[in-house]
Amino acid sequence: MRTPLTADAFLARTRGILDSVGRVIDGKPDAVRGALVCLLAEGHLLIEDVPGVGKTMLARALAASVDATVRRIQFTPDLLPGDVTGVSVFNPVDREFEFKRGAIFAHIVIADEINRSSPKTQSALLEAMEEGQVTVDGHTHPLPQPFLVVATQNPLEMEGTYALPEAQRDRFMMRLSMGYPDAQAEALMLRQRETTNPLDQLTPVVTSEIVSDMIAWARAIHVAPAVEEYAVALAHATRVHPDLRLGASPRATLQLVRAAKVWAALDGRGYVIPDDLSALLVPVFAHRLIPTRTAGGGRGRSASETVTGVLDRIIAGVRVPVASRQ
């Protein structure tokens, strides 16, 4: 029988994970924290950035810090859905079909360069990411818990790629960008990785059972009705904004609150405050929103920059709930 998790134990475990991943990902604490939030909020993470900034390294470092099953899938144009979910194979001895599990059957699945596979293969992840199961030949197979998909993609090199459909982007709780390291972190990387790979030195700091306990602990963080109404107001503002033709879905609102619970727990609080929601609004909402044609192409800005600007204005414009005094 496992000992119930306490607030101090939760913070100690999360700090251990953050420190472990931080030894590999230099100078990117926000990206590391975001990845941990996705894991503990039962979401999935999309890392989108240019090549060589550590997208796959972040996913592998998080996986190496958790004593759980890990699979890496290199998405290519010839990858088939059965390679991801598994297939039924006829057993001539028993004269019946046996299900051979695919690479998706792991606690942490790294989907590298996910936009290089065909839409048919990408769709193989939809059921797994939403319901934690896969259905093959009419039979449903549950996935291990906890379950996290960390997908990476390069937003610039679009030749030979397939853009993720909105339905699949909506299933990712957060989208993060690594960005380039600062000069000091890059110089440190040159010295440390001249002869060794820092990933080889990582050892798991938590087990999958402890991660499950941490997920349950974060799920119990209190969210006041006024804060819930604030989250709904933020989502509603995206649906009526004149510069957006696709606003946030109800799934996005739910995942924003779930992520905010973990964010609060990482700060040692047992309750969510409005600042938690506003801090997470861009990483949770931005990849789900589509600007209008005129807003997205105007003033030399990219669609991503347009959406981020809209969300910043929404944060400034939506009334923040104020706690009542007894």
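The values are calculated or read from the model by the stated rules, or taken from the named source; none is laboratory data. The structure presented is a predicted model; accordingly, all values stated were derived computationally and were not measured. Positions of Cβ are generated from backbone atoms using ideal geometry, with glycine treated the same way; all protein chains shown enter the neighbour counts. Note: areas computed on protein heavy atoms with side chains; ligands, DNA, RNA excluded. Shrake-Rupley method; radii C 1.70, N 1.55, O 1.52, S 1.80 Å.
Assorted remarks:
- Computed extension gain for ARG269 through LEU199, at 0.36 nm per residue and net of the alpha carbon distance, reaches 22.0 nm.
- Cross-link reach is defined here as a Cα-Cα straight distance under 19 Å, omitting same-chain residues fewer than 8 places apart; for LYS28 the aspartates and glutamates meeting it are ASP19, GLU48, ASP49, ASP182, GLU186, ASP267.
- For the chain, a Gaussian network of Cα nodes joined below 10 Å ranks GLY86, GLY22, GLY138 by mean-square fluctuation, and the top entry is GLY138.
- Pairwise label distance in nanometres, PHE90 with THR69, each label 7 Å out on the Cα-Cβ vector: 2.7 nm
- By DSSP, the beta bridges lying fully in the chain are antiparallel in about 40 percent of cases.
- In the elastic network of the chain, a GNM with C-alpha springs shorter than 10 Å, the most mobile of ALA167, ALA63, ALA248 is ALA167.
- Other residues within the sphere of radius under 14 Å centred on the Cβ of ARG169, judged by their own Cβ, net out at 0 (K and R +1, D and E -1).
- Calculated FRET value between ALA303 and LYS100, using beta carbons and R₀ = 35 Å, to 0.05: 0.30
- Sequence of TRP263, TRP217 when ordered by accessible area, the most exposed leading, probe 1.4 angstrom: TRP217, TRP263
- Accessible area (Å², 1.4 Å probe, nearest 10) - SER304: 60 Å²
- The amide H of MET174, built 1.01 Å from its N in the peptide plane, has HIS44, LEU46 as neighbours under 5 Å, considering only residues 5 or more places off or on other chains.
- Local electrostatic count at ALA224 - Lys and Arg +1, Asp and Glu -1, tallied over other residues with Cβ under 13 Å: -1
- Whole-angstrom gap from segment 248-282 to segment 71-102, using each part's C-alpha centre: 37 Å
- Counting charges near GLY102 (Lys, Arg +1; Asp, Glu -1) among other residues having Cβ under 10 Å from its Cβ returns a value of +2.
- Largest mean-square fluctuation among THR207, THR294, THR195, in a Gaussian network model of the chain whose springs join Cα atoms under 10 Å apart, belongs to THR195.
- Within the chain, the longest segment free of exposed loop sites, counting trypsin sites (Lys or Arg not before Pro) that fall outside DSSP classes H, G, I, E and B and have at most 10 other Cβ atoms within 10 Å, spans 96-318.
- Quick note on segment 124-177: its Rg to Rh ratio, both from C-alpha atoms and Rh being the Kirkwood radius, is 1.03.
- Fraction of the pair-distance distribution of the chain above 33 Å, Cα-Cα pairs, percent: 29 percent
- Per residue, segment 1-105 exposes 50 Å² of accessible surface when a 1.4 Å probe is rolled over the protein heavy atoms with every protein chain present.
- Length-normalised contact order of segment 109-153 in % [C-alpha pairs under 8 Å, at least 6 apart]: 55 percent
- Surface per residue (accessible, 1.4 Å probe) for segment 169-326, Å²: 53 Å²
- Ordered by 1.4 Å accessible area with all protein chains kept, TYR162, TYR180, TYR230, TYR271 run largest first as TYR180, TYR271, TYR162, TYR230.
- Label point 7 Å beyond Cα of GLN133 along Cβ direction - residues of segment 85-105 with amide nitrogen under 19 Å: 85-88, 99-105
- The figure for GLU127 is an accessible area of roughly 50 square angstrom, using a 1.4 Å probe on the protein chains alone.
- Residues LEU246, LEU311, LEU5 ordered from highest to lowest accessible area at a 1.4 Å probe: LEU246, LEU5, LEU311.
- For the residue pairs LYS100/LYS261; LYS100/LYS120; LYS55/LYS120, alpha carbon separations beyond 30 Å are given by LYS100/LYS261.
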